[in-house]
């Protein structure tokens with residue numbers, strides 16, 4: 001992971017846990033450590049992190065976390081209302097800050113990013129910030145915070161679907177993102193396919209990276225075109241119907257408006273829509 005992405009993780013989590021910004025920045029600049037796979041991290045960091053993963057997956061029984069314990073306030077902060085990462089594996093932990101517990105007692109304060117991936121190539125990242133004590137019989141997590149994080153430049157896949165294959169109620173009955181992705185892979189055609197020539201078609205721009213709150217994928221063709229945004233817990237796809245003919249846009253581009261960066265990143269992907 002690039003240094004700038006690690007720094008943004010440290011910045012976000014520093015605000016959540018009220019770490020002095022200078023401390024988080026200095027720690028990132030000095031260490032800048034990438035730990036992947038997770039098993040290469042110190043044993044206590046591995047134990048604390050895997051407990052966070054279990055909590056994100058919906059596990060809440062305190063007895064199941066032994067030898068890691070959470071205060072009630074810390075456990076309450078570890079949740080993602082939109083997903084339990086079913087079908088996702090932990091790809092790694094990217095540490096941005098590793099230092100002593102703010103309590104003054106033996107322990108650690110860590111800031112980093114957890115990366116999850118699934119078999120279809122989707123990726124989700126969660127910034128985590130933990131402060132825990134190291135006790136004789138295990139760890140006590142006293143503070144915790146998590147937040148989804150998008151990459152600086154999300155990966156986008158474009159699909160071209162003949163209108164004859166588009167269910168009439170598709171936009172009214174949204175299915176799980178992974179299921180929709182499988183359906184697109186089975187029914188879409190290539191841009192040069194004769195099956196799409198002369199027929200109205202739909203363009204799907206699909207982000208393979210989970211996006212943050214208020215982020216947005218945008219289809220652009222030298223001006224505004226009618227489009228529908230589907231955001232399924234941070235997994236986004238944009239859909240637009242294209243009518244063939246001289247008035248059809250020559251090329252569609254996918255842009256990305258990042259709420260965190262406060263700007264638009266252009267040309268994540270392009271798709272020719274008619275012959276010149």
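The values are calculated or read from the model by the stated rules, or taken from the named source; none is laboratory data. Owing to the predicted nature of the structure, the values given are computational and were not obtained by experimental measurement. Heads up, the Cβs are rebuilt from the backbone with ideal geometry, glycines too, and the neighbour counts pull from every protein chain shown.
Could we say that residue 32 is outside the structural domain of residue 179 (by TED's automatic domain parsing), modelled with pLDDT under 90, touching a helix residue (DSSP H, G or I) at 6+ places or on another chain (Cβ under 8 Å) and at positive phi here? Can you show your working first?
Numbers: outside the structural domain of residue 179 (by TED's automatic domain parsing): yes; modelled with pLDDT under 90: yes; touching a helix residue (DSSP H, G or I) at 6+ places or on another chain (Cβ under 8 Å): yes; at positive phi: yes.
Spelling it out, residue 32 is indeed outside the structural domain of residue 179 (by TED's automatic domain parsing), modelled with pLDDT under 90, touching a helix residue (DSSP H, G or I) at 6+ places or on another chain (Cβ under 8 Å) and at positive phi.
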Limited to region 191-218, what total is found for residues that are in contact with a strand residue (DSSP E or B) (Cβ under 7 Å, 6 or more places away or on another chain), modelled with pLDDT under 95 and assigned to a loop (DSSP other than H, G, I, E, B)?
3
Only unsatisfied item for residue 115, checking (1) surrounded by fewer than 16 Cβ atoms within 10 Å (Cβ to Cβ); (2) closer than 27 Å to residue 231 by Cβ, is (1)
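Scan the strands (runs of 3 or more DSSP E) fully inside region 41-142 and keep the ones with 2 or more residues being within 30 Å of residue 237 (Cβ to Cβ) and in contact (Cβ under 8 Å) with a residue 24 or more places away in the chain. Talk me through it step by step, then tell me what you get.
Values: elements: 68-70, 89-100, 107-117, 123-135.
Qualifying strands (runs of 3 or more DSSP E): 89-100, 107-117, 123-135.
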Take region 156-173 and flag every residue that is part of a strand (DSSP E or B) and without any contact (Cβ under 8 Å) to a residue 60 or more places away in the chain.
159, 161, 162
In region 38-55, the residues that are closer than 20 Å to residue 116 by Cβ and in contact with a strand residue (DSSP E or B) (Cβ under 7 Å, 6 or more places away or on another chain)
38, 41, 45, 47, 48, 49, 51, 52, 53
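Listed here are the residues, each with its yes/no results for (1) outside any loop (DSSP other than H, G, I, E, B); (2) crowded, with 18+ Cβ neighbours inside 10 Å; (3) touching a strand residue (DSSP E or B) at 6+ places or on another chain (Cβ under 6 Å).
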site: 144; (1), (2), (3): yes, yes, yes
site: 154; (1), (2), (3): no, yes, yes
site: 175; (1), (2), (3): no, no, no
site: 180; (1), (2), (3): yes, yes, no
site: 186; (1), (2), (3): yes, no, no
Flag for residue 242 being farther than 23 Å from residue 81 by Cβ, touching a residue at least 24 places away in the same chain (Cβ under 8 Å), out of contact with any helix residue (DSSP H, G or I) (no Cβ under 8 Å at 6 or more places or on another chain) and surrounded by fewer than 19 Cβ atoms within 10 Å (Cβ to Cβ):
no
